[in-house]
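Step one of this worksheet: look at the structure below.
Read-outs: derived from the displayed coordinates by stated rules, not from any lab. Since this is a predicted model, take the numbers as computed values, not measurements. Neighbour counts run over all protein chains shown; Cβ positions are idealised from the backbone, glycine included.
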Amino acid sequence: MDFKLEIAKKISGMVDMELEKIIDLIEIPPQSNMGDYAFPCFQLARVMRKSPNMIAKELSEKIDKDLIVDKAEAAGGYLNFFINKSEYTKYIINDVLEKGSAYGRQIGNEDKTVLVEFSSPNIAKPFHVGHMFNTVIGSSIEKVFRHLGYKTERLNHIGDYGTQFGKLISAYKRWGNEEAIDKDPINELLKIYVKFHEEAEKDEELEKEGRMYFKHLEKNNPDSVAIWQKFKDLSLREFKKLYNLLNIEFDSYAGESFYSDKMPEIIDMLYAKNLLVDSEGAKIVDLSEFNLPPCLVIKSDGATIYVTRDLAAALYRKRAYDFYKNVYVVGGTQTLHFKQVFGTLKLMGFEWADDCEHVGTALIKFADKKLSTRKGDVIFAKEVIDEAIVKTTEIIENKNPNLKNKELVAKQIGIGAIIYTFLKNSRERDVVFSWEESLSFEGESGPYVQYGYVRGNSILNKAGTINENADLSVLNTEDEFNLVKLLGSFKDALKESAERYEPFVITRYVTDLAKAYNKFYNTHHILNAEEKVKDARLLLTKAVCNVFKISLGILGMETPESM
Ligand code: ARG
């Protein structure tokens with residue numbers, strides 16, 4: 001039984017407005033003394049030619065107390081509903097416990113496939129914190145959709161194609177040192193790539209050689225392909241170490257090279273639809289209809305580019321997955337690129353271009369400069385993770401030296417702290433990262449939220465067996481009802497998070513849950529309460545822990561057993 005829906009049905013029986021519309025209009029009042037749900041009567045006023053206050057008053061008189069509603073009161077143009085707390089409490093706690101890890105799932109999404117592309121680093125280049133930010137956001141967005149019952153595919157569109165790989169092959173043939181590369185592949189490849197550019201300034205032959213090897217690559221020359229494959233394998237090996245630390249998996253690593261042989265078809269289609277315009281030898285698509293600058297598809301030397309591969313990739317994805325949504329979680333600096341890709345697809349007549357979505361991400365900045373690396377401006381993701389674990393270990397040694405599984409817990413808290421900081425605000429807002437804030441055990445932080453779960457969980461462990469048939473009507477304090485209402489609003493948080501592609505909605509939700517649970521825990525006895533109350537509070541705690549676990553899981557954070 002969905003209380004909001006039941007209330008909407010009551011209203012719809014009395015006025016001339018569609019149920020869906022009523023559901024949309026129903027709000028949660030800003031203060032709990034104003035009721036649990038409110039229906040604004042302003043829109044009805046126009047149709048009914050009466051003042052909203054009058055309508056609210058008349059409606060309030062027609063609503064009788066029942067199992068759903070305790071009372072309905074008119075306040076100005078609003079009709080405020082006070083729900084039957086005890087029935088609501090029973091319903092929500094039972095619902096959470098019955099559904100378990102599937103609590104919050106929506107029915108009806110099973111046949112819709114949502115593609116979420118995220119991470120997508122370039123091979124032979126370091127994986128820096130910016131990639132990690134994007135990876136953490138994308139992974140969480142995918143989990144939101146998955147939890148809502150959609151079929152999802154996690155795509156890693158690896159950057160593994162382009163003229164730079166011709167140069168890297170040349171550099172490798174000249175200066176590649178197998179042993180060094182095997183030990184620290186990405187830095188070593190970066191080193192010889194930088195050297196290539198330095199040397200190329202002195203010797204023109206190098207550029208030519210680089211171009212030649214890229215041609216070889218394009219023509220599938222086995223020797224060049226083997227070297228390039230090696231770069232790719234080594235890079236993926238390194239990237240996967242990070243993904244493992246973050247507990248992130250992908251369903252596909254099909255990157256730019258995968259689409260290289262799929263470009264001719266797209267180009268043929270563009271020609272057939274007369275969409276390619278000549279511009280000083282290059283081929284462009286005119287996007288003025290969308291108020292966008294033209295999209296360059298083929299360069300004047302005949303070479304294809306990044307855009308060309310994205311066009312081919314989108315069509316491939318539509319055919320392979322018949323997606324409901326095709327979501328690109330990629331840095332906000334590529335906004336124009338994606339507008340051009342989607343605009344071009346639209347001109348090609350692909351209506352599904354409207355189902356493609358660029359979900360932009362902002363930047364990570366560091367408050368304490370101590371973390372800037374030895375090598376210029378980029379900060380490697382691995383360094384941040386390592387440092388988080390070291391710092392967390394220190395904190396544990398100070399606070400709780402006898403903790404069991406210290407190493408595991410340090411990892412869970414340290415990585416959780418970074419993830420929380422990354423997902424705390426809108427993905428479009430730059431993150432100013434500070435260790436002090438991230439690793440604080442108080443206030444809004446990963447450790448604070450994890451601690452909420454740990455507390456609840458340890459009470460459940462201490463209690464041993466739990467009376468599953470406890471009488472929940474004894475839960476009648478405001479702190480308890482606040483928790484119940486939060487449990488009930490988890491579905492709304494999920495829905496909002498999916499609609500806006502914003503994991504922070506879940507972060508905010510789980511933080512509110514931790515605050516409410518702490519308040520409850522600090523104000524009321526649980527294990528020491530009298531039997532009936534204890535039983536009910538344990539069931540409430542169990543429901544809260546379940547929702548903690550689900551929400552933290554969606555963010556990609558772990559739930560330590562103790563800390
Ligand atoms: N590899 C690119 C980069 O690091 C991001 C790829 C984004 N995805 C895409 N389909 N274009 O900038």
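Go through the range 381-390 residue by residue and turn each phi into a ³J(HN,Hα) via Karplus (6.51, -1.76, 1.60, θ = phi - 60°); whole Hz please, and just put x for glycine and proline.
4, 4, 5, 5, 5, 4, 5, 4, 5, 4
Please give the length that would be gained between LYS195 and GLU58 if that part of the chain were fully extended, namely 0.36 nm times their separation in residues minus their C-alpha to C-alpha distance (nm, one decimal).
41.2 nm
Can you check what the net charge comes to around LYS532, using other residues whose Cβ is under 15 Å from the Cβ of LYS532 (Lys, Arg +1; Asp, Glu -1)?
That sum, taken over residues with Cβ under 15 Å, equals -3.
Quick check for me: using +1 on Lys/Arg Cβ and -1 on Asp/Glu Cβ, what's the dipole size of the chain about its Cα centre, in debye to the nearest 20?
Dipole size: approximately 520 debye.
FRET efficiency for GLU496 and LYS151, Cβ-Cβ distance as r, R0 = 30 Å, nearest 0.05?
Once rounded, the FRET efficiency stands at 0.90.
Rounded, prolate or oblate, given the Cα gyration tensor of the range 164-296, with a/c below 1.5 counting as rounded?
oblate
Please work out the FRET efficiency for the pair LYS241 and VAL390, using the Cβ-Cβ distance as r and a Förster radius of 22 Å; give the result to the nearest 0.05.
Efficiency, rounded to the nearest 0.05: 0.80.
Which cross-chain or sequence-distant (5 or more) residues have an amide H under 5 Å from the amide H of LYS71, H modelled 1.01 Å from N in plane?
Those lying under 5 Å, H to H, from LYS71 are PHE82.
Report the FRET efficiency, 1/(1 + (r/R0)^6), for LYS208 and THR333, where r is their Cβ-Cβ distance and R0 is 30 Å, rounded to 0.05.
Step by step, r from the Cβ atoms, then E = 0.45.
Could you list which residues have their amide H under 5 Å from that of THR152, counting only those 5 or more apart in sequence or on another chain, with H placed in the peptide plane?
It is VAL114, by chain and number.
What is the Cα radius of gyration of the chain over 2.2 N^0.38 Å, N being its residue count?
The chain yields a ratio of 1.16.
Given H placed on each backbone N at 1.01 Å, which residues far from LEU439 in sequence or on other chains put an amide H within less than 5 Å of it?
Amide H neighbours of LEU439, under 5 Å, 5+ apart: none.
Summing -39500 (n - 2.57) over the DSSP H runs of n ≥ 4 in the chain and dividing by its residue number, what mean residue ellipticity at 222 nm do you reach, to the nearest 500 deg cm²/dmol?
-17500 deg cm²/dmol
How far, in nm, would the chain grow between ARG429 and VAL378 when pulled straight, counting 0.36 nm per residue and subtracting the alpha carbon separation?
16.4 nm
Using 0.36 nm per residue, how much length does the chain from GLU179 to ARG319 gain when fully extended, once their Cα-Cα distance is taken away?
46.1 nm
Hey, how many Å between the Cα centroid of the range 471-503 and the Cα centroid of the range 1-70?
Between the Cα centres of the range 471-503 and the range 1-70 lies a distance of 21 Å.
At 7 Å along Cα-to-Cβ for each site, give me the label-to-label distance between ARG105 and ASP301 in nm.
For ARG105 paired with ASP301, the spin-label model returns 5.4 nm.
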